Amino acid sequence: GYFTKYVNVLDCFGIYAESSISDAKVLHAAAIAAELLDNDEDGEVDDQELKDELMDHDALMPIFSSEWSQAANNFMNNYQGDGVSAVLFNNEVDPNNPGFWSQDASVEEILHTINHVGHVNMHPSIFGIQANSSVMSDAMDIARGGQFFNVPNNYPEEAWYHYDDWTCDYECMAIEYLYWCIVSHMGILSDTQTCNGIDNEWELCTPELFESTDVAMFAMLTDFQYKLPQLAPDGNYCPSLAIVGDANG
């Protein structure tokens, strides 16, 4: 009841927002979700299995005015579904800087939900987030320089993924890792400001560095059978649909 704005994204992903969230921000989040799901922008979700999985779990992204809002508190305490893996707050959405680190978290949080609710469930031996469960968990152990269930006091020198949030457990680290890999491959992190800003957490800020360093994840992300998005969203979803008419049309 706290949400007054809603966008149905490609019949499998819902954007819900409080009334204080501007229409521009709601539509921006919806466009980002649509571009991630329909990366070639032909009007259809790229992966029908992913669409079905998201529909089955009622996947959604709530947008709150702040983490202290009544709506956020009510949602956190009462939501009992399994279609949410992340949330957005008003100050994290910037339609003028789609996906830009520290300004627009839409790509990150929406990807978290699509990956966690969708890919992890669909391909557990590939995207499983528990230790020793998947290709991705093994790759993350290499990226972190070892298998750590808690944040170590110091990551090994050879690590290129060294997330230091003490509240983030192994499974949380895996979801964050998948996000970093995808956006590195997309080229979202390539500018100097972003590279410098994320260096304490993630070192592979260019597609070339990601491809040459994290070989296992690069191979997985570019394996067509998983249909992961390859192109960075720009917040401008414009599907080109073929219009079919009869001979007299």
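The values are calculated or read from the model by the stated rules, or taken from the named source; none is laboratory data. Given the structure is predicted, the values throughout are model-derived calculations rather than measurements. We place every Cβ from the backbone using ideal geometry, glycine too, and count neighbours over all the protein chains shown. Surface areas here come from the heavy atoms of the whole protein model, side chains and all, with no ligands, DNA or RNA. Shrake-Rupley method; radii C 1.70, N 1.55, O 1.52, S 1.80 Å.
Hydrodynamic radius of region 133-188 by the Kirkwood approach over all distinct alpha-carbon pairs: 11.5 Å. Rolling a 1.4 angstrom probe over the protein heavy atoms with all chains in place gives region 1-111 an accessible area of 46 Å² per residue. Cβ screening of the chain for cysteine pairs under 4.7 Å finds these without a partner: 12, 181, 238. The Cα atoms of region 87-156 define a convex hull whose projected area, averaged across directions, is 6.0 nm². From Cα pairs below 8 angstrom and at least 6 apart in sequence, can you work out the relative contact order of the chain, rounded to a whole percent? Relative contact order comes out at 19 percent.
Region 142-157 and region 31-47 have Cα centres spaced 35 Å apart. Per-residue SASA remark: residue 25, around 40 Å² accessible (1.4 Å probe; ligands, DNA and RNA not included). The heavy atoms of residue 240 present about 90 square angstrom of accessible area, all protein chains included, probe 1.4 Å.
Under the simplified labelling scheme, the residue 236-residue 171 pair shows an inter-label distance of 4.0 nm, with each label point 7 Å from Cα along Cα→Cβ. As a fraction of the 1.4 Å probe accessible area of the chain, surface on carbon and sulfur atoms comes out at 48 percent.
For region 151-211, the relative contact order comes to 38 percent (Cα pairs under 8 Å, sequence separation of at least 6).
Can you list residues from other chains, or at least 5 along the same chain, whose modelled amide H is less than 5 Å from the amide H of residue 64? Placed amide hydrogens put 88, 89, 90 under 5 Å from residue 64.
How much area per residue is accessible in region 154-249 when the probe is 1.4 Å and only protein heavy atoms are counted (Å²)? Write down the numbers at each step before the final one.
Values: 5220 Å² over 96 residues.
I get 54 Å² per residue for this part.
Comparing 40, 104, 23 in a Gaussian network model of the chain (Cα springs below 10 Å), the most mobile by mean-square fluctuation is 23. The Cα center of region 65-127 and the Cα center of region 174-221 differ in position by 20 Å. Take the Cα of residue 48, step 7 Å toward its Cβ, do the same at residue 206, and the gap between the two points is 4.1 nm.
Note on region 24-90: percent of Cα-Cα distances in each 5 Å bin, starting at 0 and stopping at the bin with the largest distance, equals 3, 15, 20, 23, 18, 12, 6, 2.
Working from Cα pairs under 8 Å separated by at least six residues, relative contact order for region 103-144 is 19 percent.
With R₀ set to 22 Å, the beta-carbon distance separating residue 6 from residue 130 gives a calculated FRET efficiency near 0.05.
If you wrap the tightest convex hull around every Cα atom of region 51-190 and split its volume per residue, you get 131 Å³.
Both numbers refer to the Cα atoms of the chain; Rg and Dmax are 18.4, 73 Å.
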